[in-house]
Every structure is written in structure tokens, then in C-alpha cells.
Amino acid sequence: MGILCQILNLCPRNQKGNVISYFCVALVILLVLSMSKMGYKSLFCWFLMTCSLFILSWFLILRSSGLSKSVDFGILPNSKIREISENENHSIGVECDSSNKPMPILKVYMYDLPSEFHFDLLGWKNTGKSVWPDIRAQVPEYPGGLNLQHSIEYWLTLDLLSSEYPDNSKSRNAIRVNNPSDADVVFVPFFPSISYNRGSKVKPGQKRSVNVVLQEKLVKYLTGQEEWKKTGGKNHIIVAHHPNSLLDARMKLWPAMFILSDFGRYPLNIANVEKDVIAPYRHVIRSYANDSSGFDSRPTLLYFQGAIYRKDGGIIRQELYYMLKNETDVHFSFGTFQNDGVREASKGMQSSKFCLNIAGDTPSSNRLFDAIASHCVPVIISDEIELPYEDVLDYSEFCVFVRTSDAIKQNFLLKLIRNIGREEWTRKWERLKEIEHFYEFQYPSQENDAVQMIWQAIYRKVFAVKREIHKARRYSRTSILRERALRSVSMAINFG
């Protein structure tokens, strides 16, 4: 055995298994030869041979169960197989900030829904035959204030409309196509967030709210379309970013791909991370342009300003408030959008090292994206949160995550944050400045801004959608023949 160990130390790592195999085989052969001289009555020789065969058989079994570690991929002609085997723990996704290769263009067919479903909700008056405004002349404005944080469908619709003009074709990840057979996905231009915010109340003379009526009309329209019938809606894109938007229709339109802020108010079978896309909120505080601040020039250690008393998972806000309210380097107070609240929040976040993002009524909130825009390192305390683009973006590079169960332990949170020194904080702060444009909504859209990042996220789902559509068609011909056969049998019975 000492000789075997010396041989193994001299062998390359990927050849050691072969050496052990050869050694065991040689040992068996030597034993057989020695037994021929010593005679078969030697119990000792029989014992040695049995042990050798036992060790050899187990070694071969172990090798066969660990094939991926024993195969030398260097002998294979396709080098990509070797790359995948060596990097099997790395994500195989599009690196959103490092690839020079342009993303494939997503081809989108958009329904010409009546304007009552979209721009009429913004106060636009349709005076022509087209259901769409002429955005080259004037772009209808989305209502301001907190309405803006859920305005995702507005920016995506504008981007598709502008893709039809040749002067707006640069840095684009999606284009509108006129033939649905040419499309990867079908986009539904309904503005459900503003429909909920402005049309949920039943007005005098109405039996039902505008929001409920529009949802009913939308379901009837979509389920009557040939494109919906062909796929069962699986290739349709519906934005429902406000947690309470599309509250009635979601249960009927769930085969579609939803674009959401989180899954907090959705059953798992209606919306989930495999099927749907998480999009960022549009931040409401101003971006921190020309940020030359640093670790020492941000005097506040930890910042939170917002609603403190929440239901469901947001109860933790109350507990943290009572734990942190008396800390001299922590700002934890109630605040709203009104009474100059946005300006105060902008100033507070830009002068703080860390900004708390705590679960509220739902797992997500706009506060995370306000913190990113302020270059204030987010501290996320929300166990159920799903984050935009997380399949290609590592949030641990610019955020701090704390489990709810840990955050409510006495002194745990402050001790954790205070142990993050200048060097680590600066790395996260620099990374925030590198990725902040992934969360900017604007028109015209720019390369790798929030609009283009959402189109990219949808594109990464397209192949799974197509797989589901193709699987659903496996027995379509069999089903037709079966229906015909049953129909003919029924007619024969009735005739008889």
C-alpha cells in the first residue's frame, strides 16, 4: 500500500482512479499466480483474493456513480461541454452589464385595444380614427405622485409604439410586429394600475366601478381572440404591477405571463417566478446625479421614513421602530408623500449610508428603488421578496439581506450594520452607481434602462413558454380524431 500511495502522489489528479484500478487488477493476478504455487488450501491467499475483489468491485461502483467527476472532458471535441462541466455552479444567463454582444430582438404583437383601456385613462381625448396617440407630436403624460411607481405598462406601450418609427430603433430589445405569426409574444396594452387608482370607486349613477367593467371587457376581448385560443394565453404579456390591480381578471387570465411587483397577493398557481416577470417600481425621489459623497460624508447610519403601522408581514416595522427610535445615528420615522415628503426623503437617503427596505402590506415596496437612486445601500428585511432581473444580477453585491427572525433580535441589526466597514460599504456604493440605470424608466428608452431590461427578462422566458405551447399540442390531432370517432358512434347509436 505504501508503494501505491507514492505512485498516486506522482500521478495527475484525473488519472488516479485508473491507477487504483490497474493496481487492484495486478494484485488479483499476483495472488492467483501465488496460489498456483502455494496451493488452493491456503486460507490466507483465499482471504487476500476475496478482499481484493471486494475492494475492486466497490471502487468500480463508486466510479460509475460519480461519472461527471471521473470523465476527462478534455478528450471531447466540443469544448463547450468542458466549460459547462467546470462552471456548473455558475448561472447560465445573459450578463446585463458585461456583454458586448447585442441581445436578440424580441418580436411583439400588440393588440389595438380601444383607447378606453389605456390612454383614455390618462385623460387623453381620442379625436381621430386611431386608438393610439401620435407620440411624435405629443406624448400623453402619466399622472404624477405615487401613481408613477406602478406605471410600468405605460412605458412599455410607449416603447412599442415608438419602435415603429425608424429614428427610434437604436438600443432596442423589442419591436412591434404587425403579424402575430411573426411574434414571440403578444402584449396586452391595458393600464390596470391607473384603472385601479382612479376607477375603483363606484360613482353616482353607476352600478359597478369603471375598473371592474374594464376587467370584464378585457377578459371577454382576450378570450375571444384567435391568438389567445391558439395558445390558451400562454404567450400573452399582461402588466399588473399594482398589487391590487387586475384583482378580478387575474383568476381568468392566469395562463398569461404577468409583469408584477411581487407575488404577495397571488396564489402560487396563478403567479410564480417560473412563469412571470418581476419588474422594478419607478422610483419617486430624484436620482442622485454627480454623487461625490462617501462613507464619511453620509452622517446617518441607517434611514427609514414611511408608514410604520402595517398589517400582514409589515408588523415587523413596528417592532423595529421601537428598537431603533432612540439610536442617535438612526433615522426611523413616519413619513408620507404629502407635505414635502419626497424632498425630505431624497435629502435623508442621500445623507445616509444604509436605507431600510422592510416588508409592508406586501413583500416589496418602492423604497428599495428610491434607495438605489440615492446610492444608499439597501438593507432588505423581507423574506418573501422577489427581485427584478435576479437571474442575471447579484443583489448581494450592492444590498444587505437580513432575515426577519434575525432582525427582531435585540441589537442584531445594528451590530451587523456597524460591522460593515468603509471598504465593504464603498464597494457596494460603487456598484449601486454602476447598476442604477437598470431601474430608470424614461421615454425614449435608453440602452439597458428599466424598459429594455424588462424586455430582456421577457425574452429569457420565451423559450419556456414555447416549450409549454408545443407540449400542449402533442395530442391535438389525437384529440380531434377521438372527438370525431365519439361523434360518429353517437350518431350511429341515435340512428339505431
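Here is how the numbers come out for the structure above:
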| item | result |
| --- | --- |
| Output for region 348-362, where each listed residue is under 24 Å from Leu301 (Cα atoms), open to solvent by 10 Å² or more (accessible area, probe 1.4 Å) and of a type in the set (S, T, N, Q) | Gln350, Ser351 |
| Test: residue in region 249-262 that is surrounded by 20 or more Cβ atoms within 10 Å (Cβ to Cβ), touching a residue at least 12 places away in the same chain (Cβ under 8 Å), among the hydrophobic types (A, V, I, L, M, F, W, C) and in contact with a Phe, Trp or Tyr (Cβ under 7 Å, 6 or more places away or on another chain) | no |
| Condition check for Val379: in contact with a strand residue (DSSP E or B) (Cβ under 6 Å, 6 or more places away or on another chain) and not in a helix (DSSP H, G or I) | yes |
| Close pairs (7 angstrom Cβ cut-off, 6 or more residues apart or separate chains): β-branched (Val, Ile, Thr) in region 286-301, part of a loop (DSSP other than H, G, I, E, B) anywhere | Thr300/Asp329; Thr300/Ser351 |
| Sole exception among (1) touching a strand residue (DSSP E or B) at 6+ places or on another chain (Cβ under 8 Å); (2) surrounded by 17 or more Cβ atoms within 10 Å (Cβ to Cβ) for Tyr154, by number | (1) |
| Region 303-330: number of residues that are at pLDDT 90 or above and touching a helix residue (DSSP H, G or I) at 6+ places or on another chain (Cβ under 6 Å) | 3 |
| Test: residue in region 289-304 that is open to solvent by 20 Å² or more (accessible area, probe 1.4 Å) and under 23 Å from the mean Cα position of the chain (by Cα) | no |
| Any chance Lys201 is part of a loop (DSSP other than H, G, I, E, B), open to solvent by 50 Å² or more (accessible area, probe 1.4 Å) and touching a Ser or Thr at 6+ places or on another chain (Cβ under 7 Å) | yes |
| Leading residue by the ranking (farthest from Phe398 (Cα to Cα)) among those in region 408-466 that are aromatic (Phe, Trp, Tyr) and free of Cβ contacts under 8 Å to residues at least 40 places away in the same chain | Phe463 |
| Candidates Ser333, Ser365 - the one that is open to solvent by 20 Å² or more (accessible area, probe 1.4 Å), in contact (Cβ under 8 Å) with a residue 12 or more places away in the chain and not hydrophobic (A, V, I, L, M, F, W, C) | Ser333 |
| Residue among Arg484, Arg467 that alone is modelled with pLDDT under 95 and more than 30 Å from Ser171 (Cα to Cα) | Arg484 |
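Residues are listed down the side, and each one gets a yes or a no for (1) surrounded by fewer than 16 Cβ atoms within 10 Å (Cβ to Cβ); (2) of a type in the set (Gly, Ala, Ser); (3) at pLDDT 95 or above; (4) under 24 Å from Trp455 (Cβ atoms):
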position: Leu106; (1), (2), (3), (4): no, no, yes, yes
position: Phe117; (1), (2), (3), (4): no, no, yes, yes
position: Leu121; (1), (2), (3), (4): no, no, yes, yes
position: Pro140; (1), (2), (3), (4): no, no, yes, yes
position: Asp159; (1), (2), (3), (4): no, no, yes, yes
position: Pro166; (1), (2), (3), (4): yes, no, no, yes
position: Ser169; (1), (2), (3), (4): yes, yes, no, yes
position: Asn178; (1), (2), (3), (4): yes, no, yes, yes
position: Val188; (1), (2), (3), (4): no, no, yes, yes
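The values are calculated or read from the model by the stated rules, or taken from the named source; none is laboratory data. Everything quoted here is computed from the prediction, not taken from an experiment. With ideal geometry, Cβ positions are generated from the backbone for all residues, glycine too; neighbour counts draw on all protein chains shown. What goes into the accessible areas is simple: the full protein's heavy atoms, side chains included, and nothing from ligands, DNA or RNA. Shrake-Rupley method; radii C 1.70, N 1.55, O 1.52, S 1.80 Å.
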